[in-house]
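Here's the structure, in structure tokens; my notes come after.
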């Protein structure tokens, strides 16, 4: 490790870890990983890469937020609460001290917001794009099973939180492939792409009260992610396209171009929770969501079969142009 | 996630996790992280990048081994035993199915060798060099404190395992900057660079029997890593250059070029354990090492001060050209 790396760690990253349980103040080769008494640990890892998972030129504040939040969303989808994280940061030449300083300040703000802290990490130089892998740790209360993709039952209602499609439309707009949204709508959508909102409280409520038979976060696209639940549960699914919750900005965009349904249903990065619930528990789901002041919408149901059908206004299936947005 | 990513996971990575505790067979957004009863968890993360931490063109088998072993070495330096790992793999276009297949087969072999398994991961495409971040989990027996960099006492002897310098010389040779080693010596040294041997059993013995006041693995370079122990312990250190254990190949190289001392003492990537022990426990260290059929050598001692001095054959300090190999 070079002098430059030590300086970055000392100046910007150590303050994110000092005095936190297990971090050993980032002085050592490894950290201790404390387990809250009686709870069980969950962990996930997600990598975000400049130009692949965020647009080139994205401000360091948004890079920090996205790297953490895509992982927080995975923890939310398991019904767990987040604890701490490891950061593997590969920096290209252009990311100099001011960039890293702003990035670390944003990590500090995110830590505060989500009640997490830096447990350990690795900083290195790369000849390629800025690359961050975050390994996040969370915990489940004693006796609480993790929400999983498998477990949906035929007849379950399919629910989704928040609204769907803004992130995909925001990405299109930022790439110049979608115009005429208006400045405010574009900014709101771009924000949804850059700073997704992990649905931690909802995931924890679903897990704690055993309200969901299966759950996933919408990262690959609504239809594709429902396909994951269906496949792992040995079922098919149906969604009613016109019941998919949309933001006013997405409604407006659609009113000018019906073809944007492909982006809304197939684009990724919404990071809403998608879950299935027996009809008898639908009222409890609504109550839990109301308590969180978060919209959840029933958009379909699980059925025998092995495919996800999207039903149009007349109840007949619609052909999808694409089943999801591909990282490859 | 794309169809290509799913195929890679199904075909090559899932078999590394199926049926293993907590992995959920890689079906979900996160994994469970089981804690061996009564033990405590440790964790570390290290990134290796094509062209930075291994040479371009390194076979997939060696890439897999190095990515795991640099992390296993961190776990060894804490005195812990390894359990499982998360893999964040960023693949450039050129790494097609046969590359990934060979890489995963090597992971399987390493898993067998070190008694670990794949707990979870993330596979994505990158426009940059092949990049792997491994987060490794290990555990400490009940009541056993982690070995740390801080904790060395003035008067402690400084020990190092194995031999030092081969990895740095092997890298020089592979880069064409060191010739005349002979084919066998060059292959042996290159192997030390590509497939370091984590000193897990030694680290565990040191921790279990409380034989070391401080420990680190030699990754940045012998002098620089001893500097880490010294700095975190609030001390200085002295090493006797001619007591540093060398392989026959390194001895031969030195006999032709004394300037290679800079690489031997300053080059990184040896991944031997460097630790300090009170003189009264030196015999116990020797006995523990003998039981493991592993060489450990006393090369110096900890002293008051704040620098690492390298003493020449006459006992006088030698100036070092470089205090370590820099990743930046």
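Values computed for the structure shown
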{"read-out": "Alpha carbon centroid spacing (whole Å) that separates region B:70-107 from region A:63-111", "value": "22 Å"}
{"read-out": "Size of region A:157-318 as Cα extents on the principal axes (Å, biggest first)", "value": "43, 35, 24"}
{"read-out": "Theoretical gain in end-to-end length, residue B:184 to residue B:208 [0.36 nm per residue, Cα-Cα removed]", "value": "4.9 nm"}
{"read-out": "Peptide-level mean, for A:35-44, of C-beta atoms on other protein chains within 10 Å", "value": "5"}
{"read-out": "Theoretical gain in end-to-end length, residue A:256 to residue A:14 [0.36 nm per residue, Cα-Cα removed]", "value": "82.1 nm"}
{"read-out": "Residue with peak Gaussian network fluctuation, chain B [Cα springs, cutoff 10 Å], from B:227, B:236, B:280", "value": "B:280"}
{"read-out": "Computed E for residue A:145/residue A:113 - FRET, C-beta separation, R0 45 angstrom, nearest 0.05", "value": "0.95"}
{"read-out": "Cβ-vector label at 7 Å, residue A:319, separations to other copies in nm", "value": "7.8"}
{"read-out": "Overall dimensions of chain B by Cα: Rg and Dmax, Å", "value": "20.4, 66"}
{"read-out": "Rounded tilt (10° steps) of A:222-233 against the dominant C-alpha axis of chain A", "value": "90 degrees"}
{"read-out": "Nearest residue to the symmetry axis between A and B, taken on chain A by its Cβ, in whole Å", "value": "A:128, 1"}
{"read-out": "Average partner coverage of B:76-87, which counts Cβ from other chains inside 10 Å", "value": "2"}
{"read-out": "Spin-label pair residue A:282/residue A:201, simplified geometry with 7 Å Cα→Cβ offset, distance in nm", "value": "2.5 nm"}
{"read-out": "Hull volume in cubic angstrom per residue (convex hull over the Cα atoms of region B:3-140)", "value": "99 Å³"}
{"read-out": "Percent antiparallel among DSSP beta bridges (both partners in chain B, rounded to 5)", "value": "75 percent"}
{"read-out": "Nearest-0.05 FRET efficiency for residue A:93 and residue A:6, computed from C-beta distance (R0 25 Å)", "value": "0.90"}
{"read-out": "Relative contact order, percent, region B:157-318 [alpha-carbon distance under 8 Å, six or more residues apart]", "value": "42 percent"}
{"read-out": "Pair residue B:154, residue B:303: separation of 7 Å Cα→Cβ label points (nm)", "value": "1.2 nm"}
{"read-out": "Average Cα contact separation per residue, chain A, under 8 Å, 6 or more apart, as relative contact order %", "value": "22 percent"}
{"read-out": "Cα centroid separation, region B:267-324 to region A:1-44 (Å)", "value": "27 Å"}
{"read-out": "0 to 90° range, to nearest 10: angle between helix B:60-77 axis and chain B longest Cα axis", "value": "50 degrees"}
{"read-out": "Angstrom value of the Kirkwood radius, inverse mean 1/r, which spans all Cα pairs in region B:276-315", "value": "12.2 Å"}
{"read-out": "Rounded to 10°, Cα long-axis angle of helix A:282-291 versus longest principal axis of chain A", "value": "40 degrees"}
{"read-out": "P(r) histogram, all alpha-carbon pairs of the protein assembly as shown included - 20 Å bins from 0, percent", "value": "19, 50, 24, 7, 0"}
{"read-out": "Fraction of antiparallel bridges per DSSP, region A:3-140 only, in percent to nearest 5", "value": "70 percent"}
{"read-out": "Mean Cβ neighbour count within 10 Å, used as a protection proxy, ranking A:213-226, A:286-299 highest first", "value": "A:213-226, A:286-299"}
{"read-out": "Rounded Å value of the spacing that divides the Cα centres of region A:151-169 and region B:134-191", "value": "51 Å"}
{"read-out": "Of all DSSP beta bridges in the protein assembly as shown, antiparallel share, percent nearest 5", "value": "75 percent"}
{"read-out": "Copies compared at residue B:286 - label distances in nm, ascending, label defined 7 Å from Cα in the Cβ direction", "value": "8.0"}
{"read-out": "Helical contribution to [θ] at 222 nm, DSSP H n ≥ 4, -39,500 (n - 2.57), averaged over chain B, rounded to 500", "value": "-10000 deg cm²/dmol"}
{"read-out": "Peptide-level mean, for A:19-30, of C-beta atoms on other protein chains within 10 Å", "value": "6"}
{"read-out": "Per-selection metrics, region B:236-328 (Cα): Rg and Dmax in Å", "value": "14.4, 40"}
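Readers should treat all values here as calculations from the given coordinates under stated rules, not as data from a laboratory. Note that the structure is a prediction, hence the values are computed from the model and not measured. Cβ sites come from the backbone with ideal geometry, for glycine too, and all protein chains shown count toward neighbours.
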